[in-house]
Structures are given as C-alpha cells and as structure tokens.
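Below: one structure, written as structure tokens.
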Amino acid sequence: MKARILYGLLIPIFHVSVARATETWNIEQCIRHAVEHNIQVKQGLNTVETARVDNTQTKLSYLPNLNAGLGYNVSFGRSLDPTTYNYVSGQTVQNASGSLSLSTTVFAGMQKLHAMRRAEFSLMASVQDVERIKDEITIAVAAAYLQILYNKEQVAVSEAQIATLQEQIERTSKLVEAGSLPIGSRLELEAQLASERYNLVNYKNQLANSLLTLTQLLELRDVPEFDVEVPDSAALAAMDARGLRDVGEIYDAALTLPRIEVTKWQRKIAEQDVSLARARYYPSLGFGASYGSSWSDARQKPQLGPDGKPYYTKYPFFDQLGDNASSALQFNLSVPIFGGLNTRNAVRKTKIALRNADLNVKLAEDRLYKEIQQAWTDARGALERYNSAQSSVVSNAESFRNTEQKFNAGAATAVDYNVAKNNLLTAQSLMLQARYEYIFKMKILDFYRGVEITL
C-alpha cells in the first residue's frame, strides 16, 4: 500500500497522459529553431549587411574620383565655334568635346581614417547586437520550456491523485455497503474527486498555454500536436545537487556577453565621432587633374599655297583632337577661419555623447551584476525551499498513509482523509515550483558564464 502511494504521489512522473506528437522537440532544437526564424534576428542580420556595405564604402573613399565626359552640339544660324571662339553665320555647326578628370582629398584632418574606424566599430556593434537578441530569445525559450515541464508534472500528479481517489471511492463504497462507514464518507470522497478533476482541467489548460507560448517563440503555426521532450528524471535530479558558484566569478565571465560588448563598441563609435568633429578644425587640401579636347566642323585648317598665299582646308577630326587638347593640375586649400562656432559646438555635443556612452557601459555592467546577484539569490532560495519541500513531502506522505489506513479501518473521517491528502498535494506543488525555479535560475547563471543551455 505504501509503495503504491509513494509511486503515485512522490516520484516525479514524466509520462504525462496528454496528446503526444509523433516527434518531440528537445530544448536545443527549440532554441536553434527560434533563433533561426526570429524576425528581429533577421532584421538584425540585415542591419549587419548594411553596416558591412558602409564599412567597405569608407575604405573605398581613399580612392580618387575619376570622371569622363562627352558632349555633342549642333548650332544653327549665328553661333560660336568653341574651338576658335569665332562667330559663324549662315551655316550649321557641329562640335564635339571630351574630357577626363581626377580629384581626391589629400588631407582633411584625418576625416577618412576616423570615418573608416567608425564604420568598423559600427559593424562590430551590429554583430554583437544580433548576438544580444539571440541571447534574449534563448533565455525566453528556456523559461517557456521549463514551464512546460513543470506543468506536465502538475498534470501527472493530478492524474495520479484522481486514480487514487477513484480506488478509495471503490473501497469506501464496499465499506459503506457493509455498514462499516457512513455514506457521508463516500460523498466526501466523491466531492474531492470532482474538485480534483476540476484542478486537472486547469492544469491541462495551463500546459496548453505554456505550449502555445513556446510555439509562438518558435514562430510556429498550426501545430496542435506540438510537444517537447522530457529529460530523464535522473538528469534533472543531478541538477538539483549542483553547487552555486560565486557571484563575482559569474560576473567576470559575463562581461564578455554581447549585451555588454554592444555598449563598448558604441562607446568606441562615440570616440570616433569626437575625432570626426575635431577634424573640421583642420584645413583641407585637395588635388585634381584634367584632360580634354574638342572638335568642330566649322573650323578650317590654314595652309600656304605655292604662291605663298594662305588658303583653308577641312580640318581633320583627329588632327583637331590633338591640336585642341588641354590638360591641367589643380590644388585646392581650404582653411576654416570662422563658421559661427559650428565646429566648436559640434565637438562639445560629441563629447557629451561620449560621456553618455561611458555611462551606458557602466549602466549595462551594473544591471548585469544586479541580475546575476538576483538570480544567484533566487537559486539559493529555491534550492533551500526545494530541500525543505522534499522533507515536507515525505512527512505528509507518511501522514497521508497513516490517515488512509485509519480511514479504511473506520477510525478517521473523510474530512481527515481529505485534509491529509490536500496537505500532501500542497507540499508536492511547492516542491515542484522550487525545483523548476532552481533549475531555471541555475541555467541562467550558467548562461551568463557562457555555458550552452541544455537539459
């Protein structure tokens, strides 16, 4: 009798009587699928691609600008021949021109260098931000997964209680028929059975809602048979006995988490913004080179006749291109003298942004330490409650066994029986809550240390 009660009420039951899917998902599959299909992650990856393009562009800005131009013009009536700068009347004039120009900035206060570094830091910040989103999804999936396991055990315990009550009602009915117990004892048990069936419906609804929460995190639709893999009870029991690491040790390891790295890269971006703003104080030197030529059908080439008199012939196209060619070199120096203190104020604003970036790093580190400290405290409290609840379950199980024996012998009332059973149920529920809270907090602490979440 005692063995049956302990098996039905004390041992965590993992084979829950709910609709099982053909294929169940373990926690690693859930986390991987959630990360791969999350919309925010995909948006973050697009941001990374944009930052990568910007980074490439800043490197290409060191190359000079090279431009080519071609022109063709037809003039009617009185028009200016662009090759001779003489006016031509009474004929149609065609002319063509071509040019090639090159320009580059030789020095501008190292703006290109600072812009390139800023783009690199922005790319790294984007990458770390995607990793931060993945971490948040991982924790959310782990929490939902463990909530499902807890709800499954609640359902299992409730079903075991219903089975026990049904057996007790059959036994009590025989005793009532034999006159050993009043009919009220059976009615009390039947009322308790109805109440427990109501609780089972609630537990199943909670299980369905927790499954829905997980499927939404996984971006799954139309999956009525979705279910999760329940870890081996021995593996979970081994987690219960693990020791807590020091808060400082966990915090030191967690400083490399993406959520902290993002703020550090953003601080470096703010540093480059200050440098970019300061660069506007310096003069800028530019260099340019150009080459061009033109052709006009109105232009004629002068020749000398045998008699020494000049005459004109058609000017060949390629001869004109060679004769009309021109080239130039340009150097441009721009010295900022006064611009309404725009540069000065821009530097001041970027320095303020840098101070805010410093505070953001400190804020993120402080928030992380508080979260680790709170998780550590919660885990320790949950472990203590779990150990206490285990002792309470054993005591209440023994009390229930004695009360059940007395009830079967007619020495206890149905009220005594129900009180003992309810005490046992409460102790079991508290033990399950503490157990899964401890496991979840330990998983969070492990995650802060860079350990992959598994069960």
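The values are calculated or read from the model by the stated rules, or taken from the named source; none is laboratory data. Computed from a prediction, not measured in an experiment: that's the story for all the values here. Because the Cβ atoms are built from the backbone with ideal geometry, glycine has one as well, and the counts that use them run over all protein chains shown.
If you take the residues in the range 388-419 that are outside any helix (DSSP H, G or I) and not polar (S, T, N, Q), which one is modelled with the lowest pLDDT? Checked the range 388-419; the qualifying residue modelled with the lowest pLDDT is Gly410.
If you check Arg132 against the conditions, is it in contact with a Pro (Cβ under 7 Å, 6 or more places away or on another chain) and surrounded by fewer than 20 Cβ atoms within 10 Å (Cβ to Cβ)? Yes. Output the number of residues of the range 191-205 satisfying the condition of being in contact (Cβ under 8 Å) with a residue 12 or more places away in the chain and surrounded by fewer than 16 Cβ atoms within 10 Å (Cβ to Cβ). So the answer is 1. Considering only residues that are touching a Phe, Trp or Tyr at 6+ places or on another chain (Cβ under 9 Å) and either buried (at least 20 other Cβ atoms within 10 Å of the Cβ) or under 30 Å from Phe447 (Cα atoms) (or both), which ones fall in the range 272-297? Passing the criteria: Gln272, Trp295, Ser296. The residues on offer are Glu170, Glu159, and the sole one that is surrounded by 19 or more Cβ atoms within 10 Å (Cβ to Cβ) and not basic (Lys, Arg) is Glu159.
Collect the residues in the range 262-318 that are touching a residue at least 40 places away in the same chain (Cβ under 8 Å) and more than 60 Å from the chain's Cα centre (by Cα), keeping them in residue-number order. Correct list: Trp295, Ser296, Asp297, Ala298, Arg299. Taking the criterion of being assigned to a strand (DSSP E or B) and surrounded by 15 or more Cβ atoms within 10 Å (Cβ to Cβ), no residue of the range 298-310 qualifies.
Among the residues of the range 345-356, the one identified as crowded, with 18+ Cβ neighbours inside 10 Å and of a type outside the set (A, V, I, L, M) is Thr350. Considering the range 51-92, the qualifying strands (runs of 3 or more DSSP E), each wholly inside and each with 1 or more residues that are within 30 Å of Arg118 (Cβ to Cβ) and modelled with pLDDT under 95, run over 65-75. Every condition in (1) surrounded by 13 or more Cβ atoms within 10 Å (Cβ to Cβ); (2) not acidic (Asp, Glu); (3) not in a helix (DSSP H, G or I) is met by Gly339 except one, and the failing one is (1). Can you confirm whether the range 410-430 contains a residue that is closer than 20 Å to Gly184 by Cβ and touching a Leu at 6+ places or on another chain (Cβ under 7 Å)? Checked against the condition, which is being closer than 20 Å to Gly184 by Cβ and touching a Leu at 6+ places or on another chain (Cβ under 7 Å), the range 410-430 yields at least one hit. Determine, yes or no, whether Asp323 is surrounded by 10 or more Cβ atoms within 10 Å (Cβ to Cβ) and modelled with pLDDT of 90 or more. So Asp323 does not fit the description; no. What about Ala379, is it more than 30 Å from Leu432 (Cβ to Cβ), part of a helix (DSSP H, G or I) and not polar (S, T, N, Q)? It is false that Ala379 is more than 30 Å from Leu432 (Cβ to Cβ), part of a helix (DSSP H, G or I) and not polar (S, T, N, Q).
Looking only at the range 357-390, residues that are touching a helix residue (DSSP H, G or I) at 6+ places or on another chain (Cβ under 7 Å) and either crowded, with 16+ Cβ neighbours inside 10 Å or closer than 14 Å to Ala254 by Cα (or both) come to 19 in all. Each residue in the range 1-28 was checked for being surrounded by fewer than 17 Cβ atoms within 10 Å (Cβ to Cβ), at pLDDT 50 or above and under 30 Å from Gln428 (Cβ atoms), and 3 pass.
Residues are listed down the side, and each one gets a yes or a no for (1) basic (Lys, Arg); (2) touching a residue at least 40 places away in the same chain (Cβ under 8 Å); (3) over 14 Å from Ser284 (Cβ atoms); (4) assigned to a strand (DSSP E or B):
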{"residue": "Asn95", "(1), (2), (3), (4)": "no, yes, yes, yes"}
{"residue": "Leu100", "(1), (2), (3), (4)": "no, yes, yes, yes"}
{"residue": "Gly109", "(1), (2), (3), (4)": "no, yes, no, no"}
{"residue": "Arg118", "(1), (2), (3), (4)": "yes, yes, yes, no"}
